[in-house]
1. In region 200-246, which residues are crowded, with 22+ Cβ neighbours inside 10 Å, farther than 17 Å from T69 by Cα and among the β-branched types (V, I, T)?
2. For residues that are in contact (Cβ under 8 Å) with a residue 24 or more places away in the chain and surrounded by 15 or more Cβ atoms within 10 Å (Cβ to Cβ), tally how many sit in region 247-259.
3. From the list T135, T177, which one is more than 29 Å from L223 (Cα to Cα) and assigned to a loop (DSSP other than H, G, I, E, B)?
4. If you go through region 202-232, how many residues are under 21 Å from L309 (Cβ atoms) and within 16 Å of the chain's Cα centre (by Cα)?
5. Can you work out which of the residues in region 271-290 that are modelled with pLDDT of 95 or more and of a type in the set (S, T, Y) is surrounded by the most Cβ atoms within 10 Å (Cβ to Cβ)?
6. Looking at D221, is it among the acidic types (D, E) and touching a residue at least 60 places away in the same chain (Cβ under 8 Å)?
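The values are calculated or read from the model by the stated rules, or taken from the named source; none is laboratory data. Just so it is clear, the structure is predicted and the values come from calculations on it, not from any experiment. Using ideal geometry, Cβ is built from the backbone for each residue, glycine included, and neighbour counts are taken over all protein chains shown.
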Amino acid sequence: MAAAALEPWQTAAPRSRRSAARRPRPREETAAPIPQAEPEVDAGVVLRRIREAGEDLLISDFWRSALETINRCLTQHLEQLSAPVGTLPEAIGNLPLDSSPDESDAAPRSIPGETLVSGTCDRKCVCYGIGNFATCVIARNQLTFLLLFLEECQIPRSHCCLYDPLLSQLEIAVLNTLGVIVLSENEEGKRSICGEPTIFYMLHCGTALYNNLLWSNWSVDALSKMVIIGNSFKGLEERLLTRILQRNYAYVAKILKGLEEHEFPQTPRYTDIFNDTSVHWFPVHKLKQLSTDTWAFREEPDYQGCEDLEIIRNKTAPSAVDSDLL
């Protein structure tokens, strides 16, 4: 690890503006300018802060409870995929913060007496809207959770793609060091899983991103292979007027009766970080109960006249290059 990672703890910078792809926090906040990393903060400092966040997360009640929530969902989902099912371990030890090309694809270390969820090594993971984790404590904790989650589920970091339009060059460099794939194209959430079981990690993202993702995978086969960790769909239904939900986010509205949702636990320390977060999966029997007309509707979302879209649009045509990374 970089020598700077061994330096004494430095107080994190004031909270930066989160990605425009995120749903606003419940209370009002004044948006700050797009953050620039402080001159004294380098990759080593950021990696050390991620490690310390991981150490705190691993000993928290929230981590244990969140794993139990995820395990309930993945157990059912893996049964649906006809894959072997195990149990998540309670802890995984220290979080490694460097990843060589050989190490990133290597099998995770074994833990005596513990059994990881099996059948997940072929899964992919996609993360949207992680935010400026170099300067934002909330984003850093969310990234740390993702890294620990990948380790728990035996998903190599090289099988995880990540994108946020506001990432700084420093943050991209850190993510490269961590071994995850940083996408260069703003997909606006329009990524097809191409038949591969995929977990989408999308905390506090705009509703349009979820809607775009559903549209891109609008079939029983594709949705049944997906898991979404992100904003509660029940919460979206409660917050938005029915006519607004159906007009602007038709795919979210149509899928509400075709999913199972497991809410994340809430603890005082991590309330602002994982509030309104749930794990969603799509049981085949529920999807097949949806009407034929529901599946026949395949119009691409355009959001004309939609206020508070909460995403940064891609000004160029989508590229197929990044899709091949998964």
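1. Passing the criteria: only T207.
2. Residues meeting the conditions: 9.
3. T135
4. Qualifying residue count, region 202-232: 17.
5. My answer is T277.
6. So D221 fails the test.
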